[in-house]
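S.K.: Got a structure for you, questions after.
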Amino acid sequence: MDKAKRLAAALRKDDDTARAPPPSETEPASSSGVLKLRKSSLLGGVTWERCMELLELNGRRDYEACVATITKLLGNVLASPDEPKFRKIRTSNAAFAAKVYSCKGAPELLALAGFDDAPESGHLVLPAGADLAPLQHALDLLKAQAAGRAEAEEKKRKLLAEKEASARSARAQKQREAAAPAEYDAAVAAASQAAGEEEEMIAAIEAYVGRNPVAVAGRELDAFEVERQVAGPGGSVVLYVVGSAGTQYFEYTVLMVKGDGGWTVKSMEAGD
């Protein structure tokens, strides 16, 4: 019983809608363009909104070429509405077919703008005396959509650039982390090599002093320590060393060279 009541109510509602009075013929002239735009938006079951959604599906290059061509075509009509050649578009034109008619939403946009397809003549035709408001509406929609796409593309470009910069930074950090152990090992190896070199130098100095005690004025020194070393002439090395004897310290300048047999002392002088 409830179903029967709901069905009867729905039928009464449809009947009331069907009997709704037609729009007043005294509709203000200022709203006639809006009414025609609304009427054209229902043409063929495709609305302006749906048309713009279809255009949005095209790739960037196809979209830009399509919008540029349509903007020029519609702009020509609006600039010279009485010029017949601007009101006819040959659909067999290769450039038009490639740039416009093959793009999603383009045929629907031109139809909504008022162009009639005349297959027998191979043209899209804007009838003489046709309202130009839909053409301007189409241009306004295209301009707004193009601006929105450009803004979205710029945001996307910046986001990609930020992601790439972040990825580069992460890769560089990983490389530094991977290189750190190797740098540490190299530093340890260099330090060990330097320590080994100094030990060999001190051994050579002690051997030299043993053969030439006059070099240290006959002092009985406990040990030698290298304070610093600099490059000398002819590939030699000048060492500044300190010899200790108990609590006493004596400075010496030692000239050394390294040959196949190791380090050799060439001269040794007491410091001031």
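The values are calculated or read from the model by the stated rules, or taken from the named source; none is laboratory data. All values reported here derive from a predicted model rather than from experimental measurement. Please note: Cβ atoms are built from the backbone with ideal geometry, for glycine as well, and neighbour counts cover all protein chains shown. Note: areas computed on protein heavy atoms with side chains; ligands, DNA, RNA excluded. Shrake-Rupley method; radii C 1.70, N 1.55, O 1.52, S 1.80 Å.
S.K.: In the stretch 60-120, which GluC sites (Glu not before Pro) are in a loop and have at most 16 other Cβ atoms within 10 Å, using DSSP for the loop call?
M.R.: Glu120
S.K.: Which value, in debye to the nearest 20, describes the size of the charge dipole of the stretch 78-139 about its Cα centre when Lys and Arg Cβ atoms bear +1, Asp and Glu Cβ atoms bear -1, and nothing else is charged?
M.R.: Its charge dipole is roughly 280 debye.
S.K.: Using only the alpha carbons of the stretch 50-103, what is the convex hull's orientation-averaged projected area in square nanometres?
M.R.: Details: hull surface 15.9 nm².
Taking the Cα atoms of the stretch 50-103, their convex hull projects to 4.0 nm² on average.
S.K.: Determine Rg/Rh for the stretch 38-170; Rg is computed over alpha-carbon atoms and Rh is the Kirkwood hydrodynamic estimate from the same atoms.
M.R.: 1.09
S.K.: Considering the alpha-carbon set of the stretch 186-270 alone, what are its Rg and its Dmax in angstrom?
M.R.: Reported Rg and Dmax, both Å: 13.0, 42.
S.K.: What are the semi-axes of the equivalent ellipsoid for the stretch 95-165, taken as the square roots of 5 times the Cα gyration tensor eigenvalues, largest first, in whole Å?
M.R.: 35, 16, 6
S.K.: Shifting gears a bit: Filter Lys72/Lys156; Lys88/Lys155; Lys88/Lys156; Lys88/Lys143; Lys99/Lys156; Lys85/Lys156 down to the pairs with a C-alpha to C-alpha distance above 32 Å, please. Working shown, then result.
M.R.: Numbers: Lys72/Lys156 28 Å; Lys88/Lys155 39 Å; Lys88/Lys156 39 Å; Lys88/Lys143 23 Å; Lys99/Lys156 25 Å; Lys85/Lys156 41 Å.
The pairs that break the limit, which is 32 Å between Cα atoms, are Lys88/Lys155; Lys88/Lys156; Lys85/Lys156.
S.K.: For the stretch 207-272, which GluC sites (Glu not before Pro) are in a loop by DSSP, counting at most 13 other Cβ atoms within 10 Å?
M.R.: Passing sites in the stretch 207-272 are Glu220.
S.K.: In sequence order, what are the phi-derived ³J(HN,Hα) couplings for the stretch 237-243 according to the Karplus relation 6.51 cos²θ - 1.76 cosθ + 1.60 with θ = phi - 60°, rounded to whole Hz, with x for glycine and proline?
M.R.: Calculated HN-Hα couplings, in order: 10, 9, 10, 10, 10, 10, x Hz.
S.K.: Can you give the accessible area of His123, probe radius 1.4 Å, in Å² rounded to 10?
M.R.: It works out to around 40 Å².
S.K.: Also, I was wondering about something else. Which value in nm describes the separation of the simple spin-label points at Asp82 and Ser102, placed 7 Å from the Cα toward the beta carbon?
M.R.: Inter-label distance under the simple model: 3.9 nm.
S.K.: Let me ask something else about it. Give me the accessible area per residue for the stretch 127-259, probe 1.4 Å, as a whole number in Å².
M.R.: 66
S.K.: For the stretch 251-267, take each phi angle, set θ = phi - 60°, evaluate the Karplus expression 6.51 cos²θ - 1.76 cosθ + 1.60, and give the result in whole Hz per residue in order, putting x for glycine and proline.
M.R.: 9, 9, 10, 10, 9, 10, 9, 10, x, 4, x, x, 7, 10, 8, 8, 7
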